[in-house]
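Worksheet: the structure to be examined is printed underneath.
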Amino acid sequence: MSEMQENKIRDQVREWLERSWDPDLSLLEWRKRLVEGRWAVPSWPEAWYGREYPVWADEIVRFEILQTGAVSTPIGAGMNLAAPTILKHGGESQKKRFLEPALTGQESWCQLFSEPGAGSDLAGLTTHAELDGDEWVVSGQKVWNTSAHHADLGLLVARTDWEVPKHRGLTYFVLPMNQHGVEIRPLMQMNRHSSFNEVFLDEARIPKDHIIGSAGDGWAGALTTLAFERGFTSLKKPQYAVSNSRVIEEAKVESEEHFKVYSWYPQRAGRIDLIREHAERNNQNTDRVIRQEIVRAIMLYRIGQWTMARARAGRKLGRAPGAEGSIGKLMSSNVARQANKVHTLLAGAKGMLTYTQDEFNEVIAEILISTPAKSIAGGTDEIQRNIIGERVLGLPREPSVDKSIPFRDVPRN
């Protein structure tokens with residue numbers, strides 16, 4: 001990016017904010033004004049609420065909006081997963097129906113990809129949909145669905161053709177969640193949080209025009225969503241200015257509700273930031289063996305930060321999320337495992353105790369049982385290694401017979 005371009009964009013959005021920012025509006029009214037002003041996602045096409053600026057402009061504009069004390073686009077699957085997927089793969093009718101409500105936060109979304117019988121093999125899913133007049137009828141089961149319990153819409157991949165190889169028989173749907181055929185049950189995790197749900201679909205109904213892309217072409221849309229998902233999981237809670245304004249107060253409530261289910265995610269990442277304090281509390285900060293393990297954890301963390309910085313730089317240059325997301329995801333798993341190892345060495349047997357009346361020890365205990373999730377969520381380590389091997393290193397694909405035969409003939413549990 002050129003400094004002249006960047007300064008011009010900053011001046012434009014500041015001038016617009018000076019004329020348009022009104023803290024007494026409702027959050028919805030303000031976001032509608034942001035969309036109408038084409039500052040919600042300025043890198044988007046002009047036909048769809050944007051200005052066709054370079055991708056790096058989005059981050060600059062968002063920064064200026066927050067610096068002013070205003071509020072930007074919503075946090076959540078709608079803005080960060082659904083909107084970019086629909087923008088890339090949806091038809092004109094889907095874009096008209098779904099993009100603006102995602103930008104304003106009028107509709108909340110969840111992701112319905114994983115299944116208990118498919119594991120990491122997303123293309124091996126068996127939730128199926130059949131066309132019945134003007135509606136698709138869907139039955140099956142999904143799992144590990146964050147925020148499904150309060151979502152209006154779901155990003156659903158289901159099988160619509162059993163006679164072709166598994167990747168070619170999938171269709172990407174938008175599922176209305178609030179209907180009789182959708183049952184949602186919360187899952188209790190071993191760290192006592194319930195961030196995820198399982199969703200049972202029993203002849204749930206989807207309007208015929210709620211397909212993203214075309215029937216049988218759902219795998220392409222799924223890959224786009226997954227690429228954005230790896231960045232979505234690292235989003236941080238926005239820090240809003242202290243204010244009595246209606247917009248800010250409503251935005252704070254929205255943020256608190258969204259991040260409630262992610263309260264344990266810092267522990268899932270390993271809490272590198274607590275290692276030094278933990279060592280000092282236990283008088284083990286001079287132990288040579290432990291110090292080596294601490295240095296290794298910090299080293300991996302900093303390498304991971306550089307990898308993320310490269311990915312951000314690529315996005316600023318207009319590149320779509322790619323395999324570097326898999327490198328960053330795999331590195332974050334390695335960091336979590338090493339941090340877990342260090343905290344385990346420092347805590348010893350007491351790391352297994354909870355309800356100790358010691359807030360610090362409670363956090364450590366939660367770290368030790370939360371970090372295994374890091375290597376599973378958002379695509380397992382094994383999947384990330386496959387992506388890196390094939391797309392970065394150019395290695396041959398793993399041999400597989402189920403990619404060339406009709407899915408109906410693939411052996412399943």
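Computed from the coordinates by the stated procedures, all read-outs in this text should not be read as laboratory data. None of these values were measured; they are calculated from a predicted model. Using ideal geometry, Cβ is built from the backbone for each residue, glycine included, and neighbour counts are taken over all protein chains shown.
Looking only at the range 329-373, count how many residues are acidic (Asp, Glu) and within 22 Å of Tyr301 (Cα to Cα). Please lay out each step first, then the result.
Quick first cut of the range 329-373, residues acidic (Asp, Glu) only: 358-359, 362, 366.
With within 22 Å of Tyr301 (Cα to Cα) added as a condition, the list becomes 366.
Looking only at that region, the number is 1.
List the pairs whose first member sits in the range 24-44 and is buried (at least 22 other Cβ atoms within 10 Å of the Cβ), whose second member is of a type in the set (S, T, N, Q) and not in a helix (DSSP H, G or I), and whose Cβ atoms are under 6 Å apart, counting only residues at least 6 apart or on separate chains?
Ala40/Thr73
Output the residue which, of all residues in the range 282-332 that are without any contact (Cβ under 8 Å) to a residue 60 or more places away in the chain and either of a type in the set (Phe, Trp, Tyr) or in contact with a Phe, Trp or Tyr (Cβ under 8 Å, 6 or more places away or on another chain) (or both), is surrounded by the fewest Cβ atoms within 10 Å (Cβ to Cβ).
That would be Trp306.
Return the pair list, or none, for Cβ contacts closer than 7 Å from residues in the range 184-208 that are within 30 Å of Gly90 (Cα to Cα) to residues that are of a type in the set (Ser, Thr, Tyr) and in a strand (DSSP E or B), at least 6 apart or on different chains.
Once the first residue is within 30 Å of Gly90 (Cα to Cα) and sits in the range 184-208, its partners that are of a type in the set (Ser, Thr, Tyr) and in a strand (DSSP E or B) give Leu201/Ser139; Asp202/Ser139; Glu203/Ser139.
How many of the residues making up the range 126-172 are surrounded by fewer than 19 Cβ atoms within 10 Å (Cβ to Cβ) and small (Gly, Ala, Ser)?
Total meeting the criteria: 2.
Kindly indicate whether any position in the range 23-41 is closer than 19 Å to Glu250 by Cα, hydroxyl-bearing (Ser, Thr, Tyr) and assigned to a helix (DSSP H, G or I). Outline the logic, then answer.
Residues of the range 23-41 that are closer than 19 Å to Glu250 by Cα, as a first pass: 23-35, 40.
When the remaining residues are screened for being hydroxyl-bearing (Ser, Thr, Tyr), the result is 26.
From what's left, assigned to a helix (DSSP H, G or I): none.
Scanning the range 23-41 turns up no residue that is closer than 19 Å to Glu250 by Cα, hydroxyl-bearing (Ser, Thr, Tyr) and assigned to a helix (DSSP H, G or I).
In the range 263-280, what residues are buried (at least 16 other Cβ atoms within 10 Å of the Cβ) and not aliphatic (A, V, I, L, M)?
Trp264, Tyr265, Pro266, Gln267, Arg268, Gly270, Arg271, His278
Find the residue count for the range 147-193, including only residues that are assigned to a strand (DSSP E or B), farther than 19 Å from Leu122 by Cβ and basic (Lys, Arg).
Here the count works out to 1.
Quick check on the range 217-230. Is at least one of its residues assigned to a strand (DSSP E or B) and closer than 26 Å to Thr380 by Cβ?
So in the range 217-230, the residues assigned to a strand (DSSP E or B) come out as 217.
Going one step further and asking which of them are closer than 26 Å to Thr380 by Cβ, we end up with 217.
Yes, that holds for at least one residue.
Please go through the range 333-363 and give me each residue that is free of Cβ contacts under 8 Å to residues at least 24 places away in the same chain, in a helix (DSSP H, G or I) and under 21 Å from His193 (Cβ atoms), ordered by number.
Once the filter is applied, which keeps residues that are free of Cβ contacts under 8 Å to residues at least 24 places away in the same chain, in a helix (DSSP H, G or I) and under 21 Å from His193 (Cβ atoms), the range 333-363 yields Gly351, Met352, Glu359, Asn361, Glu362.
If a residue has to be of a type in the set (S, T, N, Q) and within 15 Å of Leu175 (Cα to Cα) to count, how many in the range 74-113 make the cut?
Initially, the range 74-113 is screened for residues of a type in the set (S, T, N, Q), giving 80, 85, 93-94, 104, 106, 108, 111.
So of that shortlist, the ones also within 15 Å of Leu175 (Cα to Cα) come out as 85, 94, 108, 111.
Selection size over the range 74-113: 4.
Going through the range 287-298 one residue at a time, which ones are in contact with a helix residue (DSSP H, G or I) (Cβ under 9 Å, 6 or more places away or on another chain) and either over 25 Å from Met190 (Cβ atoms) or not in a helix (DSSP H, G or I) (or both)?
Looking only at the range 287-298, we keep the residues that are in contact with a helix residue (DSSP H, G or I) (Cβ under 9 Å, 6 or more places away or on another chain), and these are 287, 289-291, 293-294, 296-298.
Hits for the range 287-298 are Asp287, Val289, Ile290, Arg291, Ile294, Arg296, Ile298.
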